[in-house]
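Have a look at the structure below, then the notes.
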Amino acid sequence: MEKKTNSAELRELATEKKIKRRNFISFATFFIGGGAAFGGWKWLYNSPEETAGVTAGARRPLRRALNKTELFFRRIFSNEHEVKTYPKERAAKNVRVNSDIGMNNDNFNAEDWKLSVVKSRDNTLKVDIKEIRSLPKTEIVYDFKCVEGWDQIQHWAGVRFIDFIEHYQLLEQAGMEYVGMETPDGAYYVGLDMESALHPQTILAYEMNDQPITDVHGAPLRLIVPVKYGIKNLKRIGSISFSNQRPRDYWAEQGYDYYSGL
Ligand SMILES: Nc1nc2c(c(=O)[nH]1)N[C@H]1C(S)=C(S)[C@@H](COP(=O)(O)O)O[C@H]1N2
Ligand SMILES: [Mo]
């Protein structure tokens with residue numbers, strides 16, 4: 001009887017100790033873990049901002065993580081991945097007009113517009129719209145998506161960027177990592193990774209619904225890059241350049257994702 005009580009007591013004591021130990025462990029975990037989280041946050045908070053400008057000054061380690069996921073997605077959505085296309089009848093007749101940055105320049109004259117293709121620092125190719133229209137034409141009907149939350153099935157036609165590259169023998173330039181495009185006045189500008197620029201569905205478009213592109217939609221030539229959100233689809237292209245550094249990008253400077261892929 002005594003013995004039983006003793007052993008029962010012992011067991012009780014042992015359980016109590018276990019509970020205490022557990023409590024200790026969970027408290028310790030809480031404090032150490034919490035401390036680590038706080039330390040981690042402070043580390044992130046105190047780590048240097050990357051150079052402001054191109055990516056709106058995200059903390060460097062965060063940007064590294066973002067760049068890693070970006071690379072991951074770039075591999076998945078390689079050029080074998082094509083966006084869904086639709087029959088022409090599905091295309092919107094009233095095509096939505098969004099923003100018009102870089103398109104209110106009174107000095108702009110569509111008649112003497114020429115596309116500047118910067119081949120190197122002192123070699124810029126000038127191409128007029130007639131010449132661009134004489135290149136092989138590609139059409140696409142797909143769901144255009146804006147980050148603001150709307151989408152619309154639209155019909156565009158023009159020359160595939162990859163065909164343009166081949167025609168003007170810009171393969172050396174296409175070996176670089178990025179393409180930059182800007183409006184003639186330089187007020188709107190985008191940077192594109194080369195994979196997306198050379199994607200088989202990426203076109204320099206001069207027609208919408210079988211008609212020359214209207215002013216508000218980016219006459220005489222705009223970018224249609226279906227693997228990206230609308231923000232990257234620059235209207236009224238003035239110049240195209242190539243580089244291994246990220247070209248400046250209007251919305252990335254405001255904090256939007258540089259890649260902006262779909
Ligand atoms: N030059 C220029 N291109 C631009 C823009 C702009 O403001 N200026 N807005 C972009 C955005 S946010 C979208 S959604 C599409 C809209 O094209 P749309 O007006 O033909 O619908 O153009 C893109 N290209
Ligand atoms: Mo947009």
* Structure fact -> Check: C-alpha center the range 99-122 vs C-alpha center the range 188-235, spacing in Å is 14
* Along the Cα-to-Cβ line of Thr124, 7 Å from the Cα, sits a label point; which residues in the range 231-258 have backbone N less than 12 Å from it? -> 238-241
* **Lys137 versus Ile101: modelled label distance in nm, points set 7 Å from Cα along the beta carbon direction** => 3.2
* To do: Return the sequence-ordered ³J(HN,Hα) values of the range 116-129 in whole Hz as given by the Karplus equation 6.51 cos²θ - 1.76 cosθ + 1.60 applied to θ = phi - 60°, using x for Gly and Pro.
  => 9, 10, 7, 7, 7, 4, 10, 9, 10, 8, 10, 10, 8, 5
* Asked: With θ set to phi - 60° and the Karplus curve 6.51 cos²θ - 1.76 cosθ + 1.60, what are the ³J(HN,Hα) couplings of the range 242-247 in order, to the nearest whole Hz, using x for Gly and Pro?
  -> 10, 6, 9, 9, 4, x
* Structure fact -> Taking every other residue with Cβ under 15 Å from the Cβ of Leu204 and scoring Lys and Arg +1, Asp and Glu -1, one gets +4
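Kindly flag which residue pairs out of Lys145/Lys235; Lys93/Lys130; Lys93/Lys232 have an alpha-carbon separation exceeding 18 Å in this structure.
In this structure, Lys93/Lys130; Lys93/Lys232 exceed 18 Å between Cα atoms.
The numbers here are math on the coordinates, done by the rules we state, and not lab data. Small disclaimer: the values here were computed from a predicted structure and weren't measured. Cβ coordinates were reconstructed from backbone atoms using ideal geometry, including for glycine residues, and neighbour counts include every protein chain displayed.
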